[in-house]
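All of the numbers you see were taken from the coordinates with simple rules; none came from a lab. As the structure is a computational prediction, the values presented were derived from the model and not from experiment. So basically every Cβ, Gly included, is an ideal-geometry build from the backbone, and we count neighbours across all protein chains shown.
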Amino acid sequence: MEVLKQRVTMLTNQEVLSFLNAVKKEEDNKLHGDRCKMLSTVVYETKKYLNSSPAATQNEAVICELIPKLAPYKLTGAETLQVVNMRPANTTDIQLLIEETEERFPSEEELEKLVTTVSECLPPPPKR
């Protein structure tokens, strides 16, 4: 495999799911003997997991809408990524994702506003 465009960044689960969907389409277009069985297994298992996560209902537009709205909360890149990937539904979830929440968010109202922001922008995760 050759790297065409080198880019150092973290991917959201939604981006990974989109990429895997494209890989699967490419593999489906190949003759049966030309398909890589190990790749197919990895794609299948990873898609199975991601399709049961919040990534299954997200798209690029809702994520792009959320990111600027998270700016006032001064989250790190990794924390923002976790918020997008995990879609926290309550303040307890937020406290598990964000370091030092007691110091950074002294009032419970700030955490609730963050949860509301996430809930308004990102669609609910799929039903299990």
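Could you give the radius of gyration (one decimal) and Dmax (whole number) of the Cα atoms in the stretch 57-128, in Å?
Expressed in Å, the Cα Rg and Dmax of the stretch 57-128 come to 11.6, 35.
To one decimal place, what orientation-averaged projected area in nm² is obtained for the convex hull of the Cα set of the stretch 1-48?
Average of the hull's projected areas for the stretch 1-48 equals 4.1 nm².
Quote the FRET efficiency, to the nearest 0.05, computed for Tyr49 versus Glu2 with a Förster distance R0 of 41 Å and r equal to the Cβ-Cβ distance.
The computed FRET efficiency comes out at 0.90.
Can you compute 3J(HN,Hα) from phi for each residue in the stretch 58-70, using the Karplus curve 6.51 cos²θ - 1.76 cosθ + 1.60 with θ = phi - 60°, rounded to whole Hz and x for Gly and Pro?
8, 9, 4, 5, 5, 5, 5, 6, 6, 3, x, 6, 8
So which of Lys47/Lys127; Lys37/Lys127; Lys5/Lys25; Lys47/Lys74; Lys24/Lys69 end up more than 23 Å apart by C-alpha?
The answer is Lys37/Lys127; Lys47/Lys74; Lys24/Lys69.
Once you have the Kirkwood Rh of the chain from its Cα pairs, apply Stokes-Einstein at 4 °C and 1.567 mPa s and quote D in µm²/s.
After rounding, the answer is 79 µm²/s.
For the chain, what does the relative contact order come out to in percent, with C-alpha contacts under 8 Å and a separation of six or more?
Relative contact order comes out at 33 percent.
Place the peptides 34-40, 63-69 in order of packing, highest mean first, counting for every residue the other Cβ atoms within 10 Å and averaging per peptide.
Final packing ranking: 63-69, 34-40.
Would you compute, from DSSP H runs of 4+ residues alone, the mean residue ellipticity of the chain at 222 nm, taking -39500 (n - 2.57) per run and dividing by the full residue count, rounded to the nearest 500?
About -18000 deg cm²/dmol.
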